[in-house]
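Worksheet: one structure, shown below.
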There are 2 protein chains.
Amino acid sequence: MPLRIIQYGIGPIGSAIVRLLLERTGAEIIGAIDIAPDKVGRDLGDVVGTSPLGVPVSDRADAVLARRADVVVHSTSSYFDQVFDQLLACVRAGSHVVSTCEELAYPFRKYPELARRLDEEAKAAGVAVLGTGVNPGFVMDKLVLTVATVCQRIERVFVRRVVDASQRRLPLQRKIGAGMTVEEFRAAVEAGRIRHIGLPESVALIAAGLGLEVETIAETIEPILADADVTTPYLHVRKGQVAGVRQIGRGLAGDRERIHLDLQMYVGAKEPVDEIRLFGTPDLCAQIPGGTHGDLATAAVVVNTIPLVVQAPPGLRTVLDIPVRFAAAF
Amino acid sequence: MPLRIIQYGIGPIGSAIVRLLLERTGAEIIGAIDIAPDKVGRDLGDVVGTSPLGVPVSDRADAVLARRADVVVHSTSSYFDQVFDQLLACVRAGSHVVSTCEELAYPFRKYPELARRLDEEAKAAGVAVLGTGVNPGFVMDKLVLTVATVCQRIERVFVRRVVDASQRRLPLQRKIGAGMTVEEFRAAVEAGRIRHIGLPESVALIAAGLGLEVETIAETIEPILADADVTTPYLHVRKGQVAGVRQIGRGLAGDRERIHLDLQMYVGAKEPVDEIRLFGTPDLCAQIPGGTHGDLATAAVVVNTIPLVVQAPPGLRTVLDIPVRFAAAF
């Protein structure tokens, strides 16, 4: 019996997930939900750029969810409070949920009451709910916790992710402020238009997994200025203009920093890398030179996690609980 | 309630595990088993080099196991068939088991019948059994599978672990043949005295986790010759003598190599490293420069895994099933 899957949200990420799901044996897409008027009513394959799938995109979530998929793959928004009702509907329909909602990666600190309610409902329905993706969900948290397995003691964690946005899609280059003046950048940050969601969630995941006491989680967003002219396939950034964003998430006990996550996304980054440094017994450094490929990785992490979530104990889970790994077949 | 733990086997690894367990909150050592005449009857703390623990080392396994620990940490031998009866006794006593027995990391290929029996007994007793450690159990398998999460497709896997044995204990330097002539080395290999146990198990774990078809697993052992004189704290190796061992494990489908594990342990290794290369979509490289510290890491992996095994579904498990990570408290 193949796993019956509903895709909830057919944006760029949802589309990439659908295309990857079609390659995996043991998965069958039985429904698709999106509210965009230019997608509703069309065949899912048409929307995601494959041959026809015989699955129409519908904006009537309840009717689609009533088909009671084994798993709903959910990819609509970054904010837990905004998707809470959607997730609740999936759970009440009796389906496991894997979601790319960044705040769902660890919702217990920011939304303790909503998290408690979703956990209770998931347990009552006998299904598991997981928020994951490449970041949060993997490179700056799950991979850190996994590498840490070989340490006897850990005092402090430093993670650095440097992404060269030059080869990424134009919307991403715009989203990180490439080509803006510093004033435009700060105004865009103020307006909430420039911000990676998920650093506090990664800090919280690491703290919970390592048992590091973290009283406060702080976050800063600063522009990275181009130190030379940069030309991408889509735009031109002059020296001194904004090349991208540097966002730092910190986990503090008193004034002592226990966790430091440094995320840099900018055009013209010379040495993209994912780097984990653990300070303890022993100290340890792990690197992915070139860094994890954001676009490919998000779909991969979500699809690979599906069969593991199906086997997970019911409730609102995190990547702490799930033996996240590649899964060729479901 | 602390986790009640019995340590079964008090050699160098078992001793390191006990010392680390004493640091963790939530763990209580209630028994210790070893058959060495120079250990039996002594206080466990005396044997492992800590202050007295009030736990005598006993060679009467059944009497100690009858105390029904939550978890038995087992560290007596590398060979599954040799420890099968010991593991069965632990399971029948109603205790979960975490073992450093290398062949237990993935016993299903080499010992399908024994593995089936242990799995059945563990399920009947409602306990989980896991073989793990740093290698096999982590750097050449679990870490590979975890890193692979960000890939959409994987065609081929290459892992390289280079260990500089210069700073390791003398028994290890002897065990890898350092200072031997090539003839002595080959005779020692023939006699079974030089061999890392676990490469085929790591190949099998990767194949199972990635869904890579592997019909045969091949293994070779060759000497690495010193290209210059090497002096360690314990011995002197002249240029041209054996500096250590290079062992290669390969997973083959027909004549096509899908998995290649290259383990090099020798004195004077210039660039110790753990390196994972995945070939697929996308290609990915992950490195631990300097490599994982073998002595510290084995105890760390075992102790960190204990609370996760307690929560695992009953049966004979592998690191495929367990969300292996650092665990500060039990």
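So for the range A:144-164 (the condition being within 12 Å of chain B (Cβ to nearest Cβ), under 20 Å from A:Pro272 (Cβ atoms) and aliphatic (A, V, I, L, M)), does at least one residue qualify? Yes, the range A:144-164 contains a residue that is within 12 Å of chain B (Cβ to nearest Cβ), under 20 Å from A:Pro272 (Cβ atoms) and aliphatic (A, V, I, L, M). Based on what the data block shows, is B:Pro136 touching a Ser or Thr at 6+ places or on another chain (Cβ under 6 Å), of a type outside the set (Gly, Ala, Ser) and either farther than 27 Å from A:Val150 by Cβ or crowded, with 24+ Cβ neighbours inside 10 Å (or both)? Spelling it out, B:Pro136 is indeed touching a Ser or Thr at 6+ places or on another chain (Cβ under 6 Å), of a type outside the set (Gly, Ala, Ser) and either farther than 27 Å from A:Val150 by Cβ or crowded, with 24+ Cβ neighbours inside 10 Å (or both). The set of residues in the range A:133-160 that are basic (Lys, Arg) and either touching an Asp or Glu at 6+ places or on another chain (Cβ under 8 Å) or more than 19 Å from B:Ala327 (Cβ to Cβ) (or both) comprises A:Arg153, A:Arg156, A:Arg160.
Any chance the range A:121-128 includes a residue that's in contact (Cβ under 8 Å) with a residue 60 or more places away in the chain, more than 25 Å from B:Asp295 (Cα to Cα) and charged (D, E, K, R)? There is at least one residue in the range A:121-128 that is in contact (Cβ under 8 Å) with a residue 60 or more places away in the chain, more than 25 Å from B:Asp295 (Cα to Cα) and charged (D, E, K, R).
Kindly evaluate B:Asp70 against the criterion of being buried (at least 17 other Cβ atoms within 10 Å of the Cβ), within 22 Å of B:Ala124 (Cβ to Cβ) and not hydrophobic (A, V, I, L, M, F, W, C). Here the answer is yes, as B:Asp70 does meet what is asked. For the range B:67-77: of the residues being among the small types (Gly, Ala, Ser) and under 21 Å from B:Pro307 (Cα atoms), which is nearest to the chain's Cα centre (by Cα)? My answer is B:Ser75. Residues in the range A:304-321 that are surrounded by fewer than 21 Cβ atoms within 10 Å (Cβ to Cβ) and within 9 Å of chain B (Cβ to nearest Cβ): A:Gln311, A:Pro313, A:Leu320, A:Asp321.
The set of residues in the range B:189-216 that are aliphatic (A, V, I, L, M) and over 27 Å from B:Leu296 (Cα atoms) comprises B:Ala191, B:Ala207, B:Ala208, B:Leu210, B:Leu212, B:Val214. Within the range B:213-246, the residues that satisfy the criterion of being within 22 Å of B:Tyr106 (Cα to Cα), modelled with pLDDT of 95 or more and in contact with a helix residue (DSSP H, G or I) (Cβ under 8 Å, 6 or more places away or on another chain) are B:Val214, B:Ile217, B:Glu219, B:Ile221. One residue stands out among those in the range A:281-303 that are surrounded by fewer than 23 Cβ atoms within 10 Å (Cβ to Cβ), at the interface with chain B (Cβ under 9 Å from one of its Cβ atoms) and within 14 Å of the chain's Cα centre (by Cα): the one that is nearest to A:Val127 (Cα to Cα), which is A:Leu296. Evaluate the following for B:Leu170: is it hydrophobic (A, V, I, L, M, F, W, C), buried (at least 23 other Cβ atoms within 10 Å of the Cβ) and out of contact with any strand residue (DSSP E or B) (no Cβ under 7 Å at 6 or more places or on another chain)? Spelling it out, it is not the case that B:Leu170 is hydrophobic (A, V, I, L, M, F, W, C), buried (at least 23 other Cβ atoms within 10 Å of the Cβ) and out of contact with any strand residue (DSSP E or B) (no Cβ under 7 Å at 6 or more places or on another chain). In the range B:3-17, the condition of being more than 14 Å from every other protein chain (Cβ to nearest Cβ), more than 27 Å from B:Tyr111 (Cβ to Cβ) and in contact with a Lys or Arg (Cβ under 6 Å, 6 or more places away or on another chain) is met by no residue. Filter the range B:31-49 for residues that are touching a strand residue (DSSP E or B) at 6+ places or on another chain (Cβ under 9 Å) and surrounded by fewer than 19 Cβ atoms within 10 Å (Cβ to Cβ) and give the result. Once the filter is applied, which keeps residues that are touching a strand residue (DSSP E or B) at 6+ places or on another chain (Cβ under 9 Å) and surrounded by fewer than 19 Cβ atoms within 10 Å (Cβ to Cβ), the range B:31-49 yields B:Ala36, B:Val40, B:Gly41, B:Arg42, B:Asp43, B:Asp46. For the range A:268-275, check the following and say yes or no: at least one residue is among the basic types (Lys, Arg) and closer than 17 Å to A:Val159 by Cα. Taking every residue of the range A:268-275 in turn, none turns out to be among the basic types (Lys, Arg) and closer than 17 Å to A:Val159 by Cα.
In summary, A:Glu213 fulfils each of the numbered conditions (1) charged (D, E, K, R); (2) free of Cβ contacts under 8 Å to residues at least 60 places away in the same chain; (3) away from chain B (no Cβ under 14 Å) with the single exception of condition (3). Those helices (runs of 4 or more DSSP H) of the range B:78-148 in which at least 1 residues are of a type in the set (Val, Ile, Thr) and within 19 Å of the chain's Cα centre (by Cα), considering only elements entirely within it, cover B:80-92, B:142-147.
Checked against the criterion of being in the same structural domain as B:Thr216 (by TED's automatic domain parsing) and under 25 Å from B:Leu212 (Cα atoms), the candidates B:Arg156, B:Arg109, B:Arg116 yield just one match: B:Arg156.
The values are calculated or read from the model by the stated rules, or taken from the named source; none is laboratory data. If you're wondering where the values come from, they're calculated on a predicted model, not measured in any experiment. Here Cβ is always computed from backbone atoms with ideal geometry, including for glycine, and neighbour counts include all displayed protein chains.
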